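The values are calculated or read from the model by the stated rules, or taken from the named source; none is laboratory data. Note that the structure is predicted; figures quoted are calculated from it, not measured. Cβ: placed from backbone, ideal geometry, glycine included. Neighbour counts: every protein chain shown. The area values use the complete protein model at the heavy-atom level, side chains included, leaving out ligands, DNA and RNA. Shrake-Rupley method; radii C 1.70, N 1.55, O 1.52, S 1.80 Å.
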Amino acid sequence: QVQLVESGGGLVQAGGSLRLSCAPSRSIFSINSMGWYRQAPGKERELVARIADVGTTDYGDSVKGRFTISRDKAKNTVYLQMNSLKPEDTAVYYCNLQTTAWNNYWGQGTQVTVSS
């Protein structure tokens, strides 16, 4: 019922930056949290960052201090600012939206590739 539209992935050099964006295809008024997960080849999906509707954030240990998640409630858009990118950040990044009823919606994924 809800589609998440992602953008901002691409290829960057190590030390560079990218900004990912994600928004639902239509307005939704029961958002508990939105966030980003990533999955590299041969690895499990892992939490990158999550932001609750009240504004609190949670980050994966490997990205703390480098990535920042934020949300524009007026646009229902979540952003992930990724700085000081490392080759190990290379993965497909998936946007996630969780409703207050604990329903989960996922984006199709956007590729982030960081070269050495």
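Here is how the numbers come out for the structure above:
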item: Subset of segment 6-35 (residues that are surrounded by fewer than 19 Cβ atoms within 10 Å (Cβ to Cβ), at pLDDT 95 or above and part of a strand (DSSP E or B)); result: SER7, GLY10, LEU11, VAL12, GLN13, ARG19, SER21
item: Test for ASN96: is it under 14 Å from the mean Cα position of the chain (by Cα) and not basic (Lys, Arg); result: yes
item: Single unsatisfied condition, ASN104 versus (1) within 15 Å of the chain's Cα centre (by Cα); (2) at pLDDT 95 or above; (3) open to solvent by 50 Å² or more (accessible area, probe 1.4 Å); result: (2)
item: Enumeration of residues in segment 43-90 that are hydroxyl-bearing (Ser, Thr, Tyr) and either open to solvent by 50 Å² or more (accessible area, probe 1.4 Å) or under 11 Å from the mean Cα position of the chain (by Cα) (or both); result: THR56, THR57, TYR59, SER62, THR68, SER70, THR77, TYR79, SER84
item: Residue under evaluation VAL54, criteria (1) touching a Leu at 6+ places or on another chain (Cβ under 9 Å); (2) under 21 Å from ASN103 (Cα atoms); (3) of a type in the set (A, V, I, L, M), criterion not met; result: (1)
item: Verdict on THR100 being at negative phi and in contact (Cβ under 8 Å) with a residue 60 or more places away in the chain; result: yes
item: Given (1) over 19 Å from TRP102 (Cβ atoms); (2) assigned to a strand (DSSP E or B), number of the condition LEU47 does not satisfy; result: (1)
item: Residue list for segment 9-52, filter: more than 19 Å from GLU88 (Cα to Cα), touching a strand residue (DSSP E or B) at 6+ places or on another chain (Cβ under 7 Å), in contact (Cβ under 8 Å) with a residue 24 or more places away in the chain and not β-branched (Val, Ile, Thr); result: SER21, CYS22, ALA23, PRO24, SER30, ASN32, SER33, MET34, GLY35, ARG50
